[in-house]
Structures are given as C-alpha cells and as structure tokens.
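For reference, the structure discussed in these notes is given below.
The values are calculated or read from the model by the stated rules, or taken from the named source; none is laboratory data. All values reported here derive from a predicted model rather than from experimental measurement. Cβ atoms come from the backbone with ideal geometry, glycine included; neighbour counts cover every protein chain shown. The area values use the complete protein model at the heavy-atom level, side chains included, leaving out ligands, DNA and RNA. Shrake-Rupley method; radii C 1.70, N 1.55, O 1.52, S 1.80 Å.
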Amino acid sequence: MGKKVLITGATSGIGRSLAYTLAEEGYELYIVGRSDEKLAELKADLESRYTQTCVCYRVDFSRSEEVRSFLAQKLQVDILIHCAGIGKVGDFKTISVEEEQEILQVNINASVLLLKSFAQRFVAQGHGTIIVVCSTAAFYPHPFMNTYASSKAFLHHYSLGLGEEVRRYSKQVKVIAVSPGPTRTSFFNPQTKTKMVQSQTETKFEMSAEQVGESIAKALYSNRSSVTIGRRNQLMTLFLKCLPLKLRIRLVGNYIAKGV
Ligand SMILES: NC(=O)c1ccc[n+]([C@@H]2O[C@H](COP(=O)([O-])OP(=O)(O)OC[C@H]3O[C@@H](n4cnc5c(N)ncnc54)[C@H](OP(=O)(O)O)[C@@H]3O)[C@@H](O)[C@H]2O)c1
C-alpha cells in the first residue's frame, strides 16, 4: 500500500498539480478544498487515471469551526502538504479590514490549528512529514501585498520553529517550509495579473504550477527545513539580500504597485 498524503488547497494551482505528481508516484491521496464540485471533479479525474482511491474533505479555512471539526476526525496520514492560502494586492486604503482578517484567518489561524494538530499526530505515530507552502514573499516586506507577505513570514517562522520542536520528540518527524516565487495559477485575480505582467520579460519570472509541484514533491526527500523553489527564485533571494532593506522594499513595492 502507498503512503498516505493529505493535501490542502488541492483543488487549484500548485496543490492540484501536486495531487497529480504524487498520484503518479503511487501515494494514496486525501484532498482538502472548500468546494464540493471542484473536489468531486478532481477525485473523478484522479481515479480515472490512477488505481488509488482519493478521499475528499470539504473544509473552509476561513471558518475555524470547520477546521476544528475536520481535525476532530483524527485522520492518520504519513504526509501533510499544507498548500491552501490566499492573498490580495492593494494598499492599506483599498484592502478592507474584512479582507485582511480573512487572509490572517486562512494563512495564520487555520494554519496553526492544522500544523499543531498534525505535528502532535506525527510525533505520536513516530513518523511523518509536514510540508508548509510559504512564499518568497515571506523573506522581506512586500508593500501592496503587505498582509499576505506578513502572514507568510509568520508561517515561515512558525514552520521552522515547529520543526525544531518536533525534532526533539522524534527524528522521524520533519517539517519543511517550501517557498515558491511567482507561479502561473489563479492566485491573483485576472485584472491584477494583467496589470502586473506587462512584458514578456516579466512573464519569464513565473514558474508553472507543474514545475513548482514537482519541486515540492522532491522536497519531501530533503533534510532541509527551508527550501526555496526554483533556481531563479534562489538567486533573486540571494541578490535582494545583498541590498539595503529600504532599497529592497522600494524595488519590490515598485514591482507590485503595477498590479494595484
Ligand atoms: N501563485 C503564486 O505566485 C504563489 C507564489 C508563492 C506562494 N504561493 C502559495 O502557494 C499556495 C497555493 O497557491 P496557488 O498559487 O496554487 O493559488 P490557487 O490556484 O488560488 O490555489 C489556492 C488553493 O487554496 C484553496 N483555498 C483558498 N481559500 C481557501 C479557504 N478559505 N479554505 C480552504 N481552501 C482554500 C483554494 O481553493 P479553491 O479552489 O476553492 O479556490 C485552492 O485550492 C498558497 O499558499 C500561496 O500563498 C503562490
């Protein structure tokens, strides 16, 4: 029997691509999304291509009570890949308080509930891998995606700290924070995307969801606690780190402001 992997945010983009990559590798899939229709469509397609069955869970991460009742089911898996996440482009005047609170709820509050619960389960069962999909946006402030980037900075820090805590209970449990850079998915709404990606040169910075999914699947075998996805993103991160923080924030802000 294949290993069991639970993927959140499996109905779209990077999570969906990971579902196909891992199904191809023989994993048994447990997929989480917030839409019954999307989950049913993905399950049907996966089961038509691969021999494993696929189990679906509808959970809206913006609703704590749904996260808690999902966790109460005490699902046992070998791997958790937490990919669900939301963000919004805009400044402090255009993004509403409600939108900011929803980003914090999904990317931070729900994530902490989920990661804490699976860390405890994995330590109790003596093995397990947690992959947390963060972002290169976690590495420094991103004006005009400020709440999103700040929430990913929290998630990145939290994942690294959690990894060190669980390591002291079991060397067979690991937590890996993976950070993709710009990726072609439906993460940004189409108007934002059109405004931001104005030239061919800029579209070249993006990776496909399939490339990112394959790199994250490889990260499962890594012993590192933090993996930046893609050579270009690794180089860009190194380059930006050499710049004074103020200049770095200005450059990033100039780029994202195009999407506002
Ligand atoms: N795209 C990028 O450029 C990029 C770069 C770095 C990091 N990331 C991170 O990668 C992860 C996946 O993003 P993506 O680019 O693949 O975006 P995406 O195509 O929009 O997929 C996001 C996934 O999260 C799910 N989701 C959103 N809100 C949810 C909620 N309230 N409850 C449960 N599930 C919810 C979505 O479900 P639905 O299908 O129902 O919408 C979808 O499955 C995110 O954590 C994002 O921050 C993305």
Looking at LEU80, LEU46, LEU104, LEU71, which one is in contact (Cβ under 8 Å) with a residue 60 or more places away in the chain and either open to solvent by less than 40 Å² (accessible area, probe 1.4 Å) or over 25 Å from LYS3 (Cα atoms) (or both)?
LEU80
Residue that is most open to solvent (accessible area, probe 1.4 Å) [pool: residues in segment 29-43 that are more than 23 Å from SER208 (Cβ to Cβ) and not in a helix (DSSP H, G or I)]
ARG34
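Collect the residues in segment 214-245 that are over 11 Å from SER179 (Cβ atoms), part of a loop (DSSP other than H, G, I, E, B) and of a type outside the set (D, E, K, R), keeping them in residue-number order.
LEU220, TYR221, SER222, ASN223, SER225, LEU243, PRO244
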Give just the number: which of (1) open to solvent by 20 Å² or more (accessible area, probe 1.4 Å); (2) on the phi > 0 side of the Ramachandran plot does GLU98 not satisfy?
(2)
Kindly indicate whether PHE92 is in contact (Cβ under 8 Å) with a residue 40 or more places away in the chain, surrounded by fewer than 17 Cβ atoms within 10 Å (Cβ to Cβ) and aromatic (Phe, Trp, Tyr).
yes
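Just one of PRO190, PRO182 is out of contact with any His (no Cβ under 8 Å at 6 or more places or on another chain), without any contact (Cβ under 8 Å) to a residue 60 or more places away in the chain, open to solvent by 80 Å² or more (accessible area, probe 1.4 Å) and on the phi < 0 side of the Ramachandran plot; which is it?
On the way: PRO182 fails: open to solvent by 80 Å² or more (accessible area, probe 1.4 Å).
Of the residues listed, the single one that is out of contact with any His (no Cβ under 8 Å at 6 or more places or on another chain), without any contact (Cβ under 8 Å) to a residue 60 or more places away in the chain, open to solvent by 80 Å² or more (accessible area, probe 1.4 Å) and on the phi < 0 side of the Ramachandran plot is PRO190.
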Across segment 1-28, what is the number of residues that are open to solvent by 20 Å² or more (accessible area, probe 1.4 Å) and β-branched (Val, Ile, Thr)?
3
State all residues of segment 120-141 that are under 20 Å from LYS241 (Cα atoms), open to solvent by less than 20 Å² (accessible area, probe 1.4 Å) and outside any helix (DSSP H, G or I); if no residue qualifies, say none.
CYS134, SER135
Scan segment 163-179 for residues that are part of a helix (DSSP H, G or I) and either within 16 Å of the ligand (Cβ to nearest atom) or open to solvent by less than 20 Å² (accessible area, probe 1.4 Å) (or both) and report the count.
2
